[in-house]
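Below: the structure, in C-alpha cells.
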2 protein chains.
Amino acid sequence: MNLKQLAQMLALSQTTVSRALNGYPEVNEETRRRVMDAAKRHGYRPNPSARRLATGKSGMIGYVLPTGATVDIDPHFVEFLSGLGDYARSHELDLVLSPADADDQETTYRRIVANRQVDAVYISSPRPQDSRVSLVSTLGIPFLVHGRSEGFDFDYPYLDIDNEGAFHEAARLLVQLGHRRLALINGDDRETFAIHRERGVRRALAASGLTLGERHVCSVVMTEENGYRATRRLLEESDAPTAIACSSLIMALGVVRAVRDLGLTIPGDVSLIAHDDVFPWLKPENFSVPLSTTRSSIRLAGARVAERLAARISGLEEGARGEVWPVDLVVRGSVAGAPA
Amino acid sequence: MNLKQLAQMLALSQTTVSRALNGYPEVNEETRRRVMDAAKRHGYRPNPSARRLATGKSGMIGYVLPTGATVDIDPHFVEFLSGLGDYARSHELDLVLSPADADDQETTYRRIVANRQVDAVYISSPRPQDSRVSLVSTLGIPFLVHGRSEGFDFDYPYLDIDNEGAFHEAARLLVQLGHRRLALINGDDRETFAIHRERGVRRALAASGLTLGERHVCSVVMTEENGYRATRRLLEESDAPTAIACSSLIMALGVVRAVRDLGLTIPGDVSLIAHDDVFPWLKPENFSVPLSTTRSSIRLAGARVAERLAARISGLEEGARGEVWPVDLVVRGSVAGAPA
DNA sequence: AGAGTCTTCCAAAGCGCTTTGGCTTTTCCG
DNA sequence: CGGAAAAGCCAAAGCGCTTTGGAAGACTCT
C-alpha cells in the first residue's frame, strides 16, 4: 500500500494525503481525520527510502565505530548503547554504526554526511582538539559530543560528566584521611576524560601542598591486566603510594589482585577509589572489600544523548549547549586512614 | 556530482554510465574505463537513497536490539560487534541497530523488512523454537542466527560454537580428575547455549555413571554477583560440589570471590572451569589462580557472521547451512584432583 | 456586488538512481 | 556480399515520497 493507492482510494490527491499525514495546516480537519483513519486501517506506512530521497532525512542517528585488528571496542560502549536504545526505542529512531579504520575516520564521516545516511551523529571518547569534532562541525550535520574536547576556537554541544570534580573529591577525601602519597591509575591520557581526572587529583593535592609524583600516574588502556601491572609497579617502589585512584572498575579488579598478591590489604595498606560507570554485571559493592567509587551511570548518559540528538534534529535544541553532570562520591570500605 | 552531471560531462547517457559503473556487460570496455576514470576523478558516489529507492537494496545489515528498563545488553555484544565491524569496515557495510521493546520485537522486525531498511539481519542469543527465527524466515529476508534454535520443522542458517562439546570436555576432565560432585553455574536456561552446555555436562557425567544434582545446576543472568551467590549457595550445602563449570568469565569472578570468602581455595577445595569468550579486558590467565577455560573468540564469530551475511546478500551463499565451531579446552591452574 | 483574502485542494516537478525496451552499428559467416 | 547475430548505446519509465506553484471555491469587507 503506497501513497498513490491510498490517495486513489480516498479520491484525493497524493499531495493532500501526504500533507494530512504530515500535519500540514492547509488541510481540512475532517479530511485529515478521514485520511488518518484510512491510513491506519490499511496499515499504510510511508516508504522511508522514498521519503529519504525526497527530504534527505533518514530518521537515524549515526556513530562511526573505530575498528581495526588492534582496536578493541570499550565495554562501556554497550552500556551507553543500552541507554541510547532506551530512548530511541520509543521514538522509532534507529542507530547506524559505520565501522571505520580507526586511523581514518574522516572518510567515513564525510561519506555518511554526503550520503545523508543519518540525521545526526554523536562522537565519543573525544580528545583535546579532536579532529572529529572540528570535522563534523564544518560538515554541518547535527551532532553531540559525549565527553569533551578542548582547545578549539569555537563551541560545540556536548554532554559530559564532571570528571575533574569527581576525582578532585576522591583525592580530597584521601588527603583528609591522611594520605600523602597518592597514585592515579588512569585511562589513555590522550583522552580528555583522563586529563580532567588527573587535573582533579592534582588540584586536590595542591590544595594541601602535595603533588602527584611523575611515576605515580599511569596511563593505560583500561583492562584488568593493566590495572594489575600498574599497581605492582607502584607498590613495589620505595615511595609506594598509600592510596590509589583508579579510572575504571575493570582496572580496579587488577588493582585488588595485585594488592593481594603482594600480601597487602585494602584498606589497611592501601586505600582505593575507582570510577564506576554502573555496569549491571560488575558492582563495586561486591568487591571483596566494597569499593568506594565516583559513580555516574553511562547508560543514563546514553539516553540523554539520544534525547538531545533527537531535539537537535527536530530543531528544538540549537547552539553549542554544554551539559556537565555531577558525579556522586560513594564511600565504602576500601578507604581508610593512611597507615602509620 | 550526480549521475546526470557525470553522464553529461562524458556525453553519454545515464544508462550507459550507470551500467559501466555497475559492471554490466553491455558496455564497451574502453567506455567503461573512461567512465570509471571520470567517476573516480570527480569523486562521484552514487546516492544511496536513490539507489535504494530504485533497487530496494540498502547495503546495511540489521540487528533488532532488545531494550527496556529491565533489559541489559550483554557485554559480550560489544566483542561480537568488534568482529562484525572488522569485516564490515572493509566492505562498506553498515550496521543498523533498531532498538525494540524486548517483549515485542516482532513489530520491529516487520517494520525493517517491510521498509527494506536492511538487506539482511542476524539474530543472537536464540532460544529453542525462537519466534524470531520463524518470523524472519517467513519474512523472506536473508538472515543468520548466531547460536542455535531448536525444535523447528525447517532448517535455517546459523553459526554456533560447540557448546555441548566444550562443556562435555570440561566435565570429562573434571571427572577424570576424580571429581564426583560437579556443579554447573549456567546462563539463562531458556537460551539454547545454556541448554547445550548443561547437556554436555550431563553426558560426561552419565558416561561415568554420575549425575548432575538438581540443586547443582544454576541458571542465572551472567553477572559477577550471581556467580557469587550461586557459589555460596552451592558450597554451603552438605553435598557441596568439588568442581564447578561456569558459563562466563564474569560469573567466574564471583565464583572466585565466594570461594575465597568461605575460606576455601581453588583448586585445593574446588576446581573451576569457565567459558571464555575472549575479552581483551579480562583474561583467564590473569585470575589469581589462572583459570581453565573453554575458549572461543566471540569476536571472530562476529566477523564470520558479517562475512556470511554479505555472502547471502550477494547470493553467494544459499540454503540452511549450519556451521559449528569447535571450542578449545585450555587447562590452567584452576583444576586439580578431587580433594580426599 | 466586486475586490480581496482565506481555505482547501491538486497537477506536476522533482529527489537520483536502475532498468526496460528499442534503436543503430558493427561483426560474423556461409 | 547479404542477412543474422551481437555489441553498444539511449530515451524514458519507473521507485514512492515531498513540495512548489497554482486554482477553485468560500468567505469577508466595504
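The values are calculated or read from the model by the stated rules, or taken from the named source; none is laboratory data. Quick caveat, the model's predicted, so the values are computed rather than measured. Backbone-built Cβ (ideal geometry, glycine too); neighbour counts: all protein chains shown. The accessibility values were calculated without ligands, DNA or RNA, using every heavy atom of the protein model including side chains. Shrake-Rupley method; radii C 1.70, N 1.55, O 1.52, S 1.80 Å.
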Taking θ = phi - 60°, what integer Hz values does the Karplus form 6.51 cos²θ - 1.76 cosθ + 1.60 yield along segment A:296-301, in sequence order, with x for Gly and Pro? 7, 6, 6, 5, 4, 4
Rounded to the nearest 0.05, what FRET efficiency do B:T31 and A:A50 have when you use their Cβ-Cβ distance and R0 = 30 Å? 0.40
Surface share of carbon and sulfur [accessible, 1.4 angstrom probe, percent] for segment B:3-46: 48
Write down the radius of gyration of segment A:3-46 and its Dmax, each obtained from C-alpha positions, in Å. 9.0, 24
Placing unit charges on C-beta atoms (Lys and Arg positive, Asp and Glu negative, everything else neutral), compute the dipole magnitude of segment A:163-295 about its Cα centre in debye, rounded to 20. 240
Under the rule of -39500 (n - 2.57) per DSSP H run of 4 or more residues, summed and divided by the residues of chain A, what mean residue ellipticity at 222 nm is obtained, to the nearest 500 deg cm²/dmol? -12500 deg cm²/dmol
Shielding of B:116-127 by other chains, given as the mean Cβ count within 10 Å, works out to 1
Given contacts defined as C-alpha pairs under 8 Å and at least six residues apart, what's the relative contact order of segment B:3-46, whole-number percent? 37
In segment A:228-276, which residues become less accessible by 50 Å² or more once every protein chain is in place, relative to the chain on its own, using a 1.4 Å probe? A:R257, A:R260
Report the residue, chosen from B:A183, B:A100, B:A274, that carries the largest GNM mean-square fluctuation when chain B is represented by alpha-carbon nodes joined by springs under 10 Å. B:A100
Could you check the simple spin-label distance between B:E236 and B:H91, using points 7 Å along Cα→Cβ, in nm with one decimal? 5.1
Accessible area expressed per residue, segment B:202-249, with surrounding protein chains retained (probe 1.4 Å, Å²): 43
Counting only protein heavy atoms and using a 1.4 Å probe, what share of the accessible area of segment A:163-295 belongs to carbon plus sulfur, as a whole percent? 48
When you look at the Cβ of every residue in B:45-52, what mean number of other chain Cβ atoms sits within 10 Å? 6
When you look at the Cβ of every residue in A:92-105, what mean number of other chain Cβ atoms sits within 10 Å? 5
Taking alpha-carbon centroids only, segment B:262-299 lies from segment B:102-124 a number of Å equal to 36
Geometric extent, Cα atoms of segment B:26-67 - Rg, Dmax (angstrom): 16.1, 53
Heavy-atom accessible area per residue, segment A:279-340, 1.4 Å probe: how many Å²? 42
Take the Cβ-Cβ distance between B:E317 and A:A114 as r, set R0 to 25 Å, and report the resulting FRET efficiency rounded to the nearest 0.05. 0.20
Averaged across orientations, what area in nm² does the convex hull of the alpha carbons in chain A project? 20.8
With just the Cα atoms defining each centre, how far is segment B:78-98 from segment A:1-54? Give it in Å. 36
For the interface of A with B, what's the total buried accessible surface in square angstrom, probe 1.4 angstrom, rounded to the nearest hundred? 4700
What is the spin-label model distance, in nm, from B:V221 to A:Q14 if the labels are put 7 Å beyond Cα along the C-beta direction? 4.8
Length-normalised contact order for segment A:163-295 - Cα pairs under 8 Å, 6+ apart - percent: 25
Along the charge dipole of the protein assembly as shown, which of B:A194, B:S334, A:G209 sits closest to the positive end, that is, farthest toward it, with unit charges on the beta carbon of Lys, Arg, Asp and Glu (+1, +1, -1, -1)? B:A194
Cα-centre dipole for chain B with unit charges at Cβ (Lys and Arg positive, Asp and Glu negative), debye to 20: 1060
Cα pair distances exceeding 44 angstrom across the protein assembly as shown, given as percent: 31
Test item: Cα-centred dipole of the protein assembly as shown, Lys/Arg +1 and Asp/Glu -1 on Cβ, debye: 1520
Projected onto the charge dipole of chain A (unit charges on the beta-carbon of Lys, Arg, Asp and Glu, signs +1, +1, -1, -1), the Cα from A:S248, A:A171, A:L159 with the largest positive-side position is that of A:L159
Quotient of Cα radius of gyration and Kirkwood radius for segment A:163-295, i.e. Rg/Rh, equals 0.92
Quick query: amide H of A:V145 versus all other amide H atoms, modeled in the peptide plane; which residues come in under 5 Å with a sequence gap of 5 or more or a different chain? A:I123, A:Y158, A:L159
For chain A, what relative contact order do you get, as a whole percent, if you take Cα pairs closer than 8 Å and at least 6 residues apart? 18
Can you list the distances in nanometres, one decimal and ascending, from the B:T55 label point to the identical position in each other copy, with the point 7 Å along Cα to Cβ? 2.5
Taking the label point as lying 7 angstrom from Cα along the Cα-to-Cβ axis, what are the distances from A:L177 to the corresponding position in the remaining copies, in ascending order and in nanometres? 3.7
Sequence-distant or interchain residues sharing an amide H contact under 5 Å with B:V330, placed H: which? B:T293, B:T294, B:R295
